[in-house]
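Note sheet for the following structure.
Values in this text are rule-based calculations from the coordinates and carry no lab data. As the structure is a prediction and not an experimental result, all values here were calculated from the model.
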Amino acid sequence: GNAIKFTDEGGITISAEVLKKKVTFQGQEFPGYVKVRVADTGIGVSLDKQDRLFQSFSQVHGGLNRPYGGTGLGLAISQKLVETMGGVVNFFSMGEHLGSTVTFTVPLFQAPVMVSKAE
């Protein structure tokens, strides 16, 4: 949602890949994990404000005249959900007006199965 909200010009790229590397979470072994990446050309975040991104009710682009709505909970909730599933969320931006990239990984409960189309 943030990629759409904060990107007026340019674009958004979403990719996902399955990594077949065994991982352990809460004493249970999983056959791999999925990594999702969302990159945008939006407003970005200055380096000195990035540490606040995952704090509840914190908004980097705050103030009385801020052009973007929201409660400042989206990334905090997303991080909690991903961590509950044994995953990790990462954020990267080179600074304001330079876009942003968010990645998250979560363990796969079952190895992917290739299915061919029946002819």
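With the cut-off at 1.5 for a/c, could you classify the stretch 13-53 from its C-alpha gyration tensor as rounded, prolate or oblate? Note, shape of the stretch 13-53 comes out oblate.
The distance from the alpha carbon centre of the stretch 1-53 to that of the stretch 92-119 is 7 Å, rounded to a whole number.
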